[in-house]
Amino acid sequence: MDYTSILFPSTFQNAAILTVVLAFAGYLVTFFSSRVTARHSDRLKLVNLRINAFYGPLYVATVAGNTAYRTLLIKQGKDTCHPIRDEDLKEWTLWMTTIFMPLNDIREKLIIENAHLIVEEQMPQCLLDFVTHVVGYKALLTQWSNGDYTERRSIIGWPPEFDAYVERSYKALKHEQTRLLHNGIWRAWNKLNSRRK
């Protein structure tokens, strides 16, 4: 056996080795770039799902509810609805049954049916408190439908951190969505991949 060919490879052997090395390097680049692309795509899909199916509708319903509540207070010339005066009772029950409770029902349904989309590992207490608040109003509305207006507000109060949580979570997800969509490297990679296809 001639060991000089192993120690001093020919040009043909060099080309063959270079071809194998380049093919393997190409495979590694493709493998890792596919993984990065898949992870990025999966992350963007999850963010979009969280915005579209949970935090987006929750945010819109919350802003609408807050705007309606402030509008009612301005109309009644008050800074807070406490206490609900006898002269405000008819208007309060009208707004509660036609505006506030339908918005509360939307938010309650979103929370219950889409709890799997919550960003945190544990259910935020303010969401649980909100659902409990809505349940209290459901009991109160049943009482009102029977003509009993002795109680005018749910005995389970509005969770004060709910609005801030919804706004903060929605805005954080929108920021992440924008970052994922407009990442320069991501755009360049997608452009390069689209040209290959």
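The values are calculated or read from the model by the stated rules, or taken from the named source; none is laboratory data. Bear in mind that the values here come from a model prediction, so they are computed numbers and not experimental data. Cβ: placed from backbone, ideal geometry, glycine included. Neighbour counts: every protein chain shown.
Numbers below:
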read-out	value
Residue match in the range 164-187 (condition: at pLDDT 95 or above, surrounded by fewer than 16 Cβ atoms within 10 Å (Cβ to Cβ) and not in a helix (DSSP H, G or I))	no
Residue match in the range 20-30 (condition: at pLDDT below 95, among the hydroxyl-bearing types (S, T, Y) and more than 15 Å from the chain's Cα centre (by Cα))	yes
The one condition in (1) over 30 Å from S34 (Cβ atoms); (2) assigned to a helix (DSSP H, G or I); (3) modelled with pLDDT under 95 that L110 fails to fulfil	(3)
Number of the condition not met by T62 [criteria: (1) polar (S, T, N, Q); (2) in contact (Cβ under 8 Å) with a residue 60 or more places away in the chain; (3) outside any helix (DSSP H, G or I)]	(3)
Members of the range 131-163 found to be touching a helix residue (DSSP H, G or I) at 6+ places or on another chain (Cβ under 6 Å), assigned to a helix (DSSP H, G or I) and aliphatic (A, V, I, L, M), listed by number	V131, V134
The range 120-144, subset of a type in the set (V, I, T) and crowded, with 16+ Cβ neighbours inside 10 Å, residue nearest to P83 (Cα to Cα)	V134
Close pairs from the range 33-53: first closer than 14 Å to H175 by Cα and charged (D, E, K, R), partner in a helix (DSSP H, G or I) and at pLDDT 90 or above, Cβ under 6 Å, at least 6 apart	R50/L117; R50/L173
The lone exception for M96 - which of (1) buried (at least 16 other Cβ atoms within 10 Å of the Cβ); (2) modelled with pLDDT under 95; (3) over 27 Å from A172 (Cα atoms) it fails	(2)
The range 145-157 - residue that is surrounded by fewer than 17 Cβ atoms within 10 Å (Cβ to Cβ) and without any contact (Cβ under 8 Å) to a residue 60 or more places away in the chain and, of those, nearest to N104 (Cα to Cα)	G157
